[in-house]
1. Which order, highest average first, do 293-299, 151-157 follow once you tally other Cβ atoms within 10 Å for each residue and take the mean per peptide?
2. For the stretch 75-120, which trypsin sites (Lys or Arg not before Pro) are both in a DSSP coil and crowded by at most 12 other Cβ atoms within 10 Å?
3. Name the residues whose placed amide hydrogens come within less than 5 Å of the amide hydrogen of Arg163, ignoring near sequence neighbours (fewer than 5 apart) on the same chain.
4. Step through the residues of the stretch 39-50 one at a time and calculate ³J(HN,Hα) from phi using the Karplus curve (6.51 cos²θ - 1.76 cosθ + 1.60, θ = phi - 60°), rounding each to whole Hz and writing x for Gly and Pro.
5. Could you sort 38-44, 215-221 so that the peptide with the highest average Cβ count within 10 Å comes first and the rest follow in order?
6. Using helices alone, what [θ] at 222 nm do you get for the chain, with -39,500 (n - 2.57) per DSSP H run of 4 or more residues, divided over all residues and rounded to the nearest 500?
7. Which order do the peptides 268-280, 201-213 come out in when sorted by mean C-beta neighbours inside 10 angstrom, highest first?
8. HN-Hα J couplings of the stretch 103-113 from phi, Karplus 6.51/-1.76/1.60, θ = phi - 60°, integer Hz, Gly and Pro as x?
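Each value in this text was obtained by applying a stated rule to the coordinates, not by laboratory testing. Since the structure is predicted, the reported quantities are computational estimates derived from the model, not experimental observations. Reconstructed Cβ throughout: ideal geometry from the backbone, glycine too, with neighbour counts over all protein chains shown.
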Amino acid sequence: MSKKRIDEIKKNLVKENLDGLIVSHDDFIRYLTGFTGSAGILVITKNSADFVTDFRYKDQASKQIKGAKVTIHTGDYIEALKDLPKLNKQNMRLGYAGSYATVAQVDNFKAKFPKALFVNADSMTNELGWVKDKDELACITKACEISDVAFARILNMVTPGIRESELAAELEYQMRMLGSEKPAFESIVASGYRSALPHGIASTKKVKNGDFITFDFGATYNGYVSDMTRTIVVGKASDRQKKIYNLVLKAQKAGIRKIKAGVTGKAVDDTCRNIITKAGYGKNFGHGTGHGIGFYVHVGPRLSGLSTDKLKVGNVVTVEPGVYISGWGGVRIEDDVVVTRTGGKVLNNSPKNLLEV
């Protein structure tokens, strides 16, 4: 599979009028070669692929790298690339992922290869990994299964007096025990008034009776992630809590029904947002409806009011509308959804009815 992905890059080099692509982002390197280490650089030209790393990864790279020649080098990886005759020709056009390469990296490229012209090649990497094959879908499905089971297990821990940080730690521990390589991102556990924070990373706040608790978390399986959100109530839900929760759930389900190949990300966002806005809470829904997931947690396509992306068969996107009321609390509900020709297939199985625990 890695060789197939690298071959696709080689074909695109011709289309983009580039002589080569320098890949320095760890996630892209893993996607293209299978390498799981955290140090190295990949160079793909029209007729070859070379991966440079250091002694620490000598054995690992020889076992994992597929589709590229491995070179072990001491020191600056960019310096090692100077030893490749194919990169020292006059006026070579070399691309890099502009959205991921740092200014320092690009300056280093230019300093080491003064004869070359460096080009922002975001057009080659922007949609990398957006469409999943069956093996990728199997990995994401497994990551969702891990998330579901871990969530069910930690519900028994939810009780007044427990800290958000304790719940986050147990959630991540359970995912690890179930086969997750690592959390897909820093887990969000936000209770009470803190549930009004869309990115309320777990704090030392103690959970209280009557609190909303929003859990936003994900597992990683074979390099692929899940991303799920559930909001529950500690004890009995108030009428206001039920009202807000049911509104968000209505919007979320409508967004999922809207999904199918050919639909724009904006159309899905509009579907969710219109329901929330008509209910009088439009100003309380201030983020996009969703995003793609894959070999890391934020890929395309985007589901937002500004998105021009069209959904394709094999995309996996989140649908996660929310309502956030400062000083009171908030609700977000999120599922991972596979795009098909006729609709969206939800990968999460955790209940979405309002849980009172």
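1. Going from most to least packed, we get 293-299, 151-157.
2. Within the stretch 75-120, the qualifying trypsin sites (Lys or Arg not before Pro) (loop, at most 12 other Cβ atoms within 10 Å) are Lys82, Lys89, Lys115.
3. Distant-sequence amide H within range of Arg163: Val207.
4. 8, x, 9, 10, 10, 10, 10, 5, 10, 7, 8, 10
5. Those peptides, ordered most packed to least, come out 215-221, 38-44.
6. After summing the helix terms and dividing by residue count, I get -10000 deg cm²/dmol.
7. 268-280, 201-213
8. Computed from phi, the couplings for the stretch 103-113 are 4, 5, 5, 5, 4, 5, 4, 5, 5, 6, 10 Hz.
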